[in-house]
1. Residue farthest toward the positive end of the dipole of segment 140-191, with Cβ of Lys/Arg at +1 and Asp/Glu at -1: which of 158, 140, 190?
2. Just the projected area, averaged over all directions, of the convex hull on the alpha carbon atoms of the chain: how many nm²?
3. Need the C-alpha centroid separation for segment 222-294 versus segment 89-110, integer Å.
4. So if I average 1/r over every pair of distinct C-alpha atoms in segment 88-171 and take the inverse, what Kirkwood radius in Å does that give?
5. Amide H to amide H under 5 Å from residue 60: which residues, 5+ apart in sequence or cross-chain, H placed 1.01 Å off N in plane?
6. Determine, for each peptide in 89-100, 248-259, the mean count of other beta carbons within 10 angstrom over its residues, then list the peptides with the highest first.
7. Calculate, in nm to one decimal, what residue 56 and residue 222 gain on full extension: separation in residues at 0.36 nm each, minus their alpha carbon distance.
8. What dipole magnitude, in Debye to the nearest 20, does the chain give about its Cα centre under +1 on Lys/Arg Cβ and -1 on Asp/Glu Cβ?
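Taken together, the values in this text are just the output of simple stated rules run on the coordinates, not laboratory data. Just so it is clear, the model here is predicted, and its values are computed rather than measured. Don't worry about glycine lacking a Cβ; one is built from the backbone with ideal geometry, like all the others, and counts go over all protein chains shown.
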Amino acid sequence: MWMDLHTHTTCSDGQYTPEELVQRAGKLGIRALAITDHDAVSGTERGRTAAKVFPELEIFSGIEISAKENPQLHILGYGIDGSHADLQDYIEKNKQLRQGRRERMLSFLQEKGVSLTLEEVMAANDGRSSGRPHFAKAMLEKGIVSSIDEAFDRYLATPEYLQRVERPKPTAVESIQLIRKAGGVAVLAHPAKLKLKPSAFLELLSILCQAGLQGIEAYYSTHHKEEMTWYNEIAKQYGLFCTCGSDFHGEIIKPEIALGTGKEGSLLLPEELEQEIFQNFKQALSNRNHGTDE
């Protein structure tokens, strides 16, 4: 266990600041860490600064973009140029949309009888408010729900919520194109969470590959071993490389997911396999045609 290519900080919807995340990774002996916040890149440089006390820990730039076709269709971007104009334009517009969503979320919850203030949500995210996990965390801290999952099941992931509150999102193809424009490598996140039949998944994958997808997150916290094997085989067939990521948000937000090791040690892979995954990942970054890494 020395690699985690899918993590979140308080720059989006994680529990820990970039500095805190890096401290935890360094103490665990993780040697390769990608900070992949939702629609944000500001955590990367903060993470790199914090990593200076861990000479063996390498920090990779990243982002995670949610596509509109499926609530679980997310595209990870690695090696992106965080200052790229198109990417910064997307981040700024999305920030404004999130601000509007924040008010819609509060109004929606109040309609459902949930007493919650913006200040309470901000306290759950290092003085800022952003994604649903922070609303869920604030609800948990007030005793409105007994778990983060309950907050999502009852309020924040219902069909009514998704229809009335969620912000406009880009398509998966547009997400890939944006990542590629910013000099990055595009990877399909947690494919099993899409809950698609094999034929439908392969149809989607073909479309994404034509748009410039280069990798697939075959090794993910909640993937079963059979799923990991299948996605690895599919990746080879489509000329994609595989990544390995926990999707770590913090113990309060996702208590079952541990940094580096995933769910109940699901990402404790053979060292030879980890090395192969990491070398392929590095090779993909070095082969991209434009932009800059880190």
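1. 190
2. In nm², the orientation-averaged hull projection of the chain is 14.2.
3. 30
4. 13.1
5. Placed amide hydrogens put 33, 34, 35 under 5 Å from residue 60.
6. Details: 89-100: 14.0, 248-259: 19.3.
Those peptides, ordered most packed to least, come out 248-259, 89-100.
7. Values: separation 166, 0.36 × 166 = 59.76 nm, distance 2.77 nm.
Contour length minus the Cα-Cα distance gives 57.0 nm.
8. Rounded to the nearest 20 debye, it is 620 debye.
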